[in-house]
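See below for the structure under consideration.
What follows is calculated from the coordinates using simple rules that are stated; it is not laboratory data. For clarity, every value in this text was computed on a predicted model and none was experimentally measured. Cβ: placed from backbone, ideal geometry, glycine included. Neighbour counts: every protein chain shown.
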Number of protein chains: 2
Amino acid sequence: MSPTTEILTAERILEATEEVLRRHGPAKATVVDVARALGVSHGSVYRHFRTKAALREAVTKRWLDRMFVTLTAITADESRAPETRLRDWLAALFEAKRRKAGDDPELFATYMVLTAEAGDVAFEHIADLTGQLTRIIEAGVASGDFTVPDPRTSAVAVFHATGRFHDPGYHRVWERPGAQEDFTALVDLLLAGLRAPAA
Amino acid sequence: MSPTTEILTAERILEATEEVLRRHGPAKATVVDVARALGVSHGSVYRHFRTKAALREAVTKRWLDRMFVTLTAITADESRAPETRLRDWLAALFEAKRRKAGDDPELFATYMVLTAEAGDVAFEHIADLTGQLTRIIEAGVASGDFTVPDPRTSAVAVFHATGRFHDPGYHRVWERPGAQEDFTALVDLLLAGLRAPAA
């Protein structure tokens, strides 16, 4: 047995937890199931995650964070004009959510339950996302492309305005004909609003 | 007994249906309950509404239409500038939904179920609302206040962008501190977008 398969890391526990959640659903998945899947005692799992709630929160955070990698890269990519960056960022968020909902609906439904449960994790995730949006809008104000008085307020407004294309509650409309056109029309309107001189 | 209490009108049936729904909830309310509340046979109810589904659709449509009265008046009020009309219209829609959710949560939950059931009724309702938004935006284009190429596309974008403040799925955020400020920031951004000259 190689050392990598022997060492029980938090990451291995989280991988197994996701698999157990996929198989049993959020209502039935237990720490004992996770321990069994790993061939360890449930005490070993509790040494990494002190409670079942902590484990569920950690797996939810991991799932949300994975979606982040592309978004963080776009936020930091100064080779793109702020307007392009904002458009690409919103499109990447929509695409990531749509792909997750479409490719693995059971796991997506599971994470909808977990995200609703783990209010703090979801709250921090949203704060991180609007933080990225704020930085892109600030870059646009600095370059003179955008003319808004308060980038943070505009970032929150953009995030709220695009809820239809990232809020899991809307996942049923993401595959409808016209969804992509609706998304583009909405982003066009928001970009025009950010560019516009104050009234 | 006065004639008005004797004649079994569609309106009296719908009033009684709403009361029965409020009391029993959408899962349990039956046509027999409605007939009993009115002191008539269920055959008399069926003479007005041929099926239970038709009755439920009609009561849903009535509930949605009542919300409309104010919105229709605002749409038609040419004494207000298009921008004011749009702002007032969106505020009236948010306010109507928030009031319904806050004043009578059980009935609101019931209508959330019924609206999801009666897909066609909800679809027509949304088409009516975006039709009103289209007329307001057209008026703004005609007056030179707005500069968008396709008022209908913009109207749908505005409706989608403000979903957080009228989609029943969001009713929990409507009473949160800051909801009114979030709404105002979003509407400001959308109005700036409608005003902006094309890029």
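Observations on the model:
- Dividing the summed -39500 (n - 2.57) terms of all DSSP H runs of n ≥ 4 by the residue count of chain A sets its mean residue ellipticity at 222 nm at -25000 deg cm²/dmol.
- For the range B:165-172, Karplus couplings with θ = phi - 60° (6.51, -1.76, 1.60), whole Hz, Gly/Pro x: 10, 8, 6, x, x, 9, 4, 5
- Cα extents of chain A along the three principal axes, largest first (Å): 64, 34, 29
- In plain terms, the chain from B:Val113 to B:Asp128 could stretch by 3.3 nm, reckoned as 0.36 nm per residue minus the Cα-Cα distance.
- Shortest-first nm distances, B:Ala91 label point to equivalent points in other copies (7 Å, Cα→Cβ): 3.7
- 10 Å-binned pair-distance histogram of the range A:120-179 (Cα, whole percent): 22, 40, 28, 10
- Just so you know, the Cα atoms of the protein assembly as shown work out to an Rg and Dmax of 25.2, 90 Å.
- Taken residue by residue and averaged, Cβ atoms of other chains lying within 10 Å of the Cβ of A:146-155 number 2.
- Sequence-distant contacts, meaning Cα pairs under 8 Å at least 6 residues apart, place the relative contact order of the range A:21-150 at 31 percent.
- R0 of 35 Å, Cβ-Cβ distance B:Ala76-B:Gln180: FRET efficiency to nearest 0.05: 0.85
- Shortest-first nm distances, A:Ala10 label point to equivalent points in other copies (7 Å, Cα→Cβ): 6.3
- Our compactness index for the range B:81-130, the C-alpha radius of gyration over the empirical 2.2 N^0.38 Å, is 1.35.
- Spatial offset of the range B:75-112 relative to the range A:10-77 amounts to 42 Å, using the alpha carbon center of each.
- Phi to ³J(HN,Hα) by Karplus 6.51 cos²θ - 1.76 cosθ + 1.60 over the range A:39-45, Hz, x for Gly, Pro: x, 10, 7, 5, x, 5, 5
- For residues of B:175-185, the mean tally of beta carbons on other chains within 10 Å: 2
- Where labels lie 7 Å past Cα in the beta-carbon direction, separation of A:Ser41 and A:Arg152 in nm: 4.9 nm
- More than 17 angstrom apart: percent of Cα pairs within the range A:85-199: 57 percent
- Inter-copy spacing of B:Ala73 label points, which lie 7 Å from Cα along Cα→Cβ, given in nm from shortest upward: 5.5
- Extended-chain gain in nm, criterion 0.36 nm per residue less alpha-carbon gap, B:Lys28 and B:Thr9: 4.5 nm
- Of A:Lys28/B:Lys61; B:Lys52/B:Lys100; A:Lys100/B:Lys97, those spanning more than 29 Å from alpha-carbon to alpha-carbon: A:Lys28/B:Lys61; A:Lys100/B:Lys97
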